[in-house]
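Engineer: Please see the structure below; I have some questions.
The values are calculated or read from the model by the stated rules, or taken from the named source; none is laboratory data. Computed from a predicted structure; not experimentally measured. Quick reminder, even Gly has a Cβ in these numbers, built from the backbone with ideal geometry, and neighbours come from all protein chains shown.
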Amino acid sequence: MPKTLAVASLKGGVGKTTTCTNLAAYVAAMGIPTLLVDLDVQGGVRFGVGLDDYAGATLEDVLLRGRPPAEALIMTNRAELSVVLSGRFATDQSLEAYERAFEQDVTWLARLLPHFATADFTPQLILLDTPAGLGAIATSAMVAADGLILPVQCEPLSLRTLPPMLRRVLEVKSKYNPELNIEGVLLTMCAERQPAAADVARQVREAFPGGLVFDTVIPRHEELSISFAVGTPAVTLKTRAAGAQAYIQLGREVIMRLPEE
Ligand SMILES: Nc1ncnc2c1ncn2[C@@H]1O[C@H](COP(=O)(O)OP(=O)(O)OP(=O)(O)O)[C@@H](O)[C@H]1O
Ligand SMILES: [Mg+2]
């Protein structure tokens, strides 16, 4: 059984997609078969892992057009990394239909994920990139996940969105998925010399008991955004840079908590 981790936040732009692409690339590079599923209609994963030109089947085709899940599974040129993209959403109608389908059944994704294992590829880790907010897509990811990575940008507004997120986690746990756990709160985009950032980091560590906040803190570093322009996550592009090093350290924390095969 693979471990499924959803990366989710109520606030937008806190580093979910950056976390997903870097974490997936690192864990896969360590020889652990990893599946990254982009659920967000923004489709940022496509650019983060260099699949700009991919024209094959997507989650949209599986959900709305009945295409077999295996057709949407993209084996990348990085060993052990497979990806499922959200869709192309050529029309507003297709975008609305995609969102509506999740609203109609928040358990669909949980039932779908096992179908992404094939004779050639059995994931050991599944990472779900979700859209910001507490809508049906993010909820579906929580229903399907074993654990949640909750990025909190090191600034006060991001911190304030954590309590409603935690309420939703409890609701999903009681209604759909009693196995759901918080894998870790992840401090992102930390400009550590700024007092406001250090203050948010301190408040998060005080509020959550040991083990519920990742030791790794992701610093604010330009190379992490550049990777979306060149289609290669920083962990493989600029291994020695501070941002990449942080995601490598996070990857080690995540690998350490994977169940033994
Ligand atoms: N640690 C970082 N340092 C500098 N820039 C970053 C960092 N993490 C992410 N970024 C940049 O910040 C922006 C938002 O990051 P990202 O897209 O990963 O966030 P998100 O939570 O997925 O956003 P959304 O809610 O829109 O899906 C992007 O332009 C990204 O390149
Ligand atoms: Mg995103």
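Engineer: State the number of residues belonging to segment 5-23 that are of a type outside the set (A, V, I, L, M) and under 15 Å from LEU166 (Cβ atoms). Outline the logic, then answer.
Structural biologist: Going through segment 5-23, the residues of a type outside the set (A, V, I, L, M) turn out to be 9, 11-13, 15-22.
If we keep only those that are under 15 Å from LEU166 (Cβ atoms) as well, we get 9, 11.
Residues flagged as of a type outside the set (A, V, I, L, M) and under 15 Å from LEU166 (Cβ atoms) within segment 5-23 amount to 2.
Each row is one residue, and each column tells you yes or no for (1) closer than 24 Å to ARG111 by Cβ; (2) within 12 Å of ligand 1 (Cβ to nearest atom).
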{"residue": "ALA29", "(1), (2)": "no, no"}
{"residue": "LEU39", "(1), (2)": "yes, yes"}
{"residue": "GLY43", "(1), (2)": "yes, yes"}
{"residue": "GLY50", "(1), (2)": "no, no"}
{"residue": "ARG67", "(1), (2)": "yes, no"}
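Engineer: Hey, any hits in segment 108-130 for a residue that's more than 18 Å from ASP38 (Cβ to Cβ), within 16 Å of ligand 1 (Cβ to nearest atom) and within 18 Å of the chain's Cα centre (by Cα)?
Structural biologist: Within segment 108-130 (the criterion being more than 18 Å from ASP38 (Cβ to Cβ), within 16 Å of ligand 1 (Cβ to nearest atom) and within 18 Å of the chain's Cα centre (by Cα)), the answer is no, since none of the residues qualifies.
Engineer: Moving on to the next point. Which of the residues that make up segment 37-72 are without any contact (Cβ under 8 Å) to a residue 12 or more places away in the chain and touching a helix residue (DSSP H, G or I) at 6+ places or on another chain (Cβ under 7 Å)?
Structural biologist: Across segment 37-72, the qualifying residue is only ARG67.
Engineer: SER158 - would you say it is modelled with pLDDT under 95 and surrounded by 17 or more Cβ atoms within 10 Å (Cβ to Cβ)?
Structural biologist: Working: modelled with pLDDT under 95: yes; surrounded by 17 or more Cβ atoms within 10 Å (Cβ to Cβ): yes.
When the stated conditions are applied, SER158 passes them.
Engineer: I'd like the full set of residues that are in contact with a strand residue (DSSP E or B) (Cβ under 9 Å, 6 or more places away or on another chain) and hydroxyl-bearing (Ser, Thr, Tyr), limited to segment 119-139.
Structural biologist: Initial filter on segment 119-139 (in contact with a strand residue (DSSP E or B) (Cβ under 9 Å, 6 or more places away or on another chain)): 120-121, 123-130, 138.
Passing the criteria: only THR130.
Engineer: Given the conditions (1) surrounded by 18 or more Cβ atoms within 10 Å (Cβ to Cβ); (2) touching a residue at least 24 places away in the same chain (Cβ under 8 Å); (3) among the aliphatic types (A, V, I, L, M), which single one is not true for MET75?
Structural biologist: All conditions are met except number (1).
Engineer: All but one of (1) in a loop (DSSP other than H, G, I, E, B); (2) among the aliphatic types (A, V, I, L, M); (3) crowded, with 16+ Cβ neighbours inside 10 Å hold for LEU224; which doesn't?
Structural biologist: (1)
Engineer: To continue, here is another question. Within segment 101-113, which residues are surrounded by 12 or more Cβ atoms within 10 Å (Cβ to Cβ) and part of a helix (DSSP H, G or I)? Explain how you work it out, then say what you get.
Structural biologist: To start, the set of residues in segment 101-113 that are surrounded by 12 or more Cβ atoms within 10 Å (Cβ to Cβ) comprises 101-103, 105-110, 112-113.
Matches in segment 101-113: ALA101, PHE102, GLU103, TRP108, LEU109, ALA110, LEU112, LEU113.
Engineer: A further question follows. Collect the residues in segment 30-41 that are in contact with a strand residue (DSSP E or B) (Cβ under 8 Å, 6 or more places away or on another chain), in a loop (DSSP other than H, G, I, E, B) and farther than 17 Å from ILE255 by Cβ, keeping them in residue-number order. Write out each step before concluding.
Structural biologist: Pass one, segment 30-41, residues in contact with a strand residue (DSSP E or B) (Cβ under 8 Å, 6 or more places away or on another chain): 32-40.
Subset that is in a loop (DSSP other than H, G, I, E, B): 32-33, 39-40.
Selection gives LEU39, ASP40.
Residues checked against (1) out of contact with any strand residue (DSSP E or B) (no Cβ under 8 Å at 6 or more places or on another chain); (2) in a helix (DSSP H, G or I); (3) within 16 Å of ligand 2 (Cβ to nearest atom):
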residue: MET1; (1), (2), (3): yes, no, no
residue: SER9; (1), (2), (3): no, no, yes
residue: VAL14; (1), (2), (3): no, no, yes
residue: ASN22; (1), (2), (3): yes, yes, yes
residue: ALA28; (1), (2), (3): no, yes, no
residue: ASP61; (1), (2), (3): yes, yes, no
residue: ALA79; (1), (2), (3): yes, no, no
residue: VAL83; (1), (2), (3): no, no, yes
residue: GLU96; (1), (2), (3): yes, yes, no
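Engineer: I'm checking my understanding of the structure. Among residues of segment 118-137 that are within 16 Å of ligand 2 (Cβ to nearest atom) and in a loop (DSSP other than H, G, I, E, B), which one is surrounded by the most Cβ atoms within 10 Å (Cβ to Cβ)?
Structural biologist: Pass one, segment 118-137, residues within 16 Å of ligand 2 (Cβ to nearest atom): 127-135, 137.
Going one step further and asking which of them are in a loop (DSSP other than H, G, I, E, B), we end up with 130-135.
Details: THR130: 25, PRO131: 22, ALA132: 17, GLY133: 17, LEU134: 19, GLY135: 14.
Ranking the qualifying residues of segment 118-137, first place goes to THR130.
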